[in-house]
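The values are calculated or read from the model by the stated rules, or taken from the named source; none is laboratory data. This one's a predicted model, so the numbers in the text were calculated from it and none came from an experiment. Here the Cβ is made from the backbone with ideal geometry for all residues, glycine too, and neighbour counts use every protein chain on show. When the accessible area is computed, the model is the full protein with side chains, heavy atoms only, and any ligands, DNA or RNA have been set aside. Shrake-Rupley method; radii C 1.70, N 1.55, O 1.52, S 1.80 Å.
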Amino acid sequence: MINLTINGIETTVDKGTTLLEAAQFLGLPIPTLCHMEGLTPYGACRLCVVEIGEGSRARLVTSCTYPAEEGLKVRTASRRVVKARKMILELLLASCPQSKVIQDLASAHEVRQQRFRQEYENCILCGRCVRMCEEQMMAKAIGFRGRGEQRSIGTPFDVKSEVCRTCGGCMYVCPACQLRCTYNEPERAICGGCANLSPPCIEKEKFKDMMCYMHPCVACEIVDR
Amino acid sequence: MKLQHVENIVDKHGSERGSLIAILSDIQSTYSYLPEEALRTVAQKTGKSLVDVYGVATFYRSFSLKPRGKHLCSVCVGTACHVRGSERVAHEFEQQLQVKPGNTTSDRQFTLEHVNCLGACALGPIVVVDGHYFSNVKTTEVKRIVGQAREGLDTVEVKTDQRVFPLDVSCPRCNHGLMDPENLVDGYPPIRVTISFERKHGWLLLSCLYGSFNSRSEHAIPLEATVHVFCPHCHAELSSATPCASCGATMVPMIVRQGGVLQVCSRHGCREHVLDLDGVNL
Ligand code: FES
Ligand code: FES
């Protein structure tokens, strides 16, 4: 048994418990993206950061991969944590704006705009699908390929894999392809306002004939408030 | 037959997790790229999934999934080289070879590649062609480098190369001079010995320039064949006790007039030679 303090609350957990599990047990919310119950922790998205240690030795760690340690002092919502989380969300929005999951997370964390160059990736390399395929579906049909900028997820040689049973598990767990918003180029877009979270509903001119199929639309919601 | 070779490589390294890179680099050095079937065979033989093998193969820059050309040109575009203008050099290579980086010319001669640092930043811009380093490369030199690579960078330029100098040798048994003043190889009188291999018997003229491997012989010697070398005067076989360090064939000793011993490998195509000039080892 390990004793630790999370946000000032003393708690005792089993050996091997991660900080995320300990915090969730106490009912403290920590946003996660690449973490998924039933899959091995991966630590790719960094969204679950918490602050551990004290004073000048305090540092940010990903709670989904960090095991509980005796006497550890954890803060799940310190100013530093919140700042880091917002930054991560902004960056995620910058690369993959059409993901409803990311948009929802962003709006829940009061990210109102993102300041980076907008890209339209359809993958955030969280590796959920890779782990799903390997660990739950026992197929290992897809995996990471290349590195750096070229890193991508897919089948070897980009051909249909022989071991894939088209179970759809990968798509089911993907935060970027479940509930996908369309791009925001006017021809293809439905609304697109959510991409930059600047409220399109106000600038009615440009988006007048467009309809939004997302309920509720993150961007619109922000305006309403 | 091709896959048999891949299987042998796998058998050699075993199928533990750590041996994958060794296997892949062996395959790469055999075929100069990683063919799809080879990767599939590796996955099958080692019991790994194809994604894992493919992931490793695409992760490392030294592995290529596309066939490479005969000559590999790597232009450094790392920070230090970039600052020294490697971008223009890289562009010039693209112009000269008419390919985009990462691709191979249509005649399969050159593969152009960008690398991110070769660890010789102070000498940048650096270009490496077939393992030969070129430092402080200017755009005007690119054409010459490409031309040199076409001709083969491994042939020694006897007229300009400083490392090449003529030797005067004699037989270690009878001490009779072995130089042949009646012939010329590389513009110098060559070393003349008698050789025998595969029931053939004849003369062999070796360039006396240390560093040059040019030779002439009565019978064409097949590559990789070893020959017996004899002194044309006392007919003693010239063979030394220590075998060649790189291929294991017998070394042929000769006395250098200036003082010292020259040893050359008796295998045709092996480039091992040792010059021991009274203590100075070259
Ligand atoms: S949930 Fe912990 S890093 Fe993604
Ligand atoms: S940057 Fe070119 S060698 Fe280091």
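Miscellaneous remarks
- Counting only residues that are part of a helix (DSSP H, G or I) and within 12 Å of chain A (Cβ to nearest Cβ), segment B:39-65 holds 15 of them.
- Complete set of residues in segment A:138-169 that are under 20 Å from B:F63 (Cβ atoms) and not in a loop (DSSP other than H, G, I, E, B): A:G143, A:F144, A:R145, A:G148, A:E149, A:Q150, A:S152, A:I153, A:G154, A:P156, A:F157, A:D158
- Residue under evaluation A:E21, criteria (1) closer than 30 Å to A:M138 by Cβ; (2) within 16 Å of ligand 1 (Cβ to nearest atom); (3) free of Cβ contacts under 8 Å to residues at least 60 places away in the same chain; (4) exposed (fewer than 15 other Cβ atoms within 10 Å of the Cβ), criterion not met: (4)
- Out of B:S207, B:S239, B:S246, B:S215, sole residue that is small (G, A, S) and either free of Cβ contacts under 8 Å to residues at least 24 places away in the same chain or buried (at least 20 other Cβ atoms within 10 Å of the Cβ) (or both): B:S207
- Search result, residues across segment A:30-76 that are closer than 16 Å to A:N7 by Cα, among the charged types (D, E, K, R) and either assigned to a strand (DSSP E or B) or within 11 Å of ligand 1 (Cβ to nearest atom) (or both): A:E51, A:R59, A:K73, A:R75
- Complete set of residues in segment B:66-84 that are in a loop (DSSP other than H, G, I, E, B) and open to solvent by 60 Å² or more (accessible area, probe 1.4 Å): B:K66, B:K70, B:R84
- Residue in segment A:114-162 that is least open to solvent (accessible area, probe 1.4 Å), counting only those that are among the β-branched types (V, I, T) and closer than 22 Å to A:R46 by Cα: A:V130
- Some residue of segment B:119-129 being within 11 Å of ligand 2 (Cβ to nearest atom), surrounded by 18 or more Cβ atoms within 10 Å (Cβ to Cβ), modelled with pLDDT under 90 and part of a loop (DSSP other than H, G, I, E, B): yes
- In the set B:G18, B:G85, B:G47, only one residue is in contact with a Lys or Arg (Cβ under 9 Å, 6 or more places away or on another chain) and among the small types (G, A, S); that residue is B:G85.
- Yes/no for A:V111 being on the phi < 0 side of the Ramachandran plot, surrounded by fewer than 17 Cβ atoms within 10 Å (Cβ to Cβ) and not aromatic (F, W, Y): no
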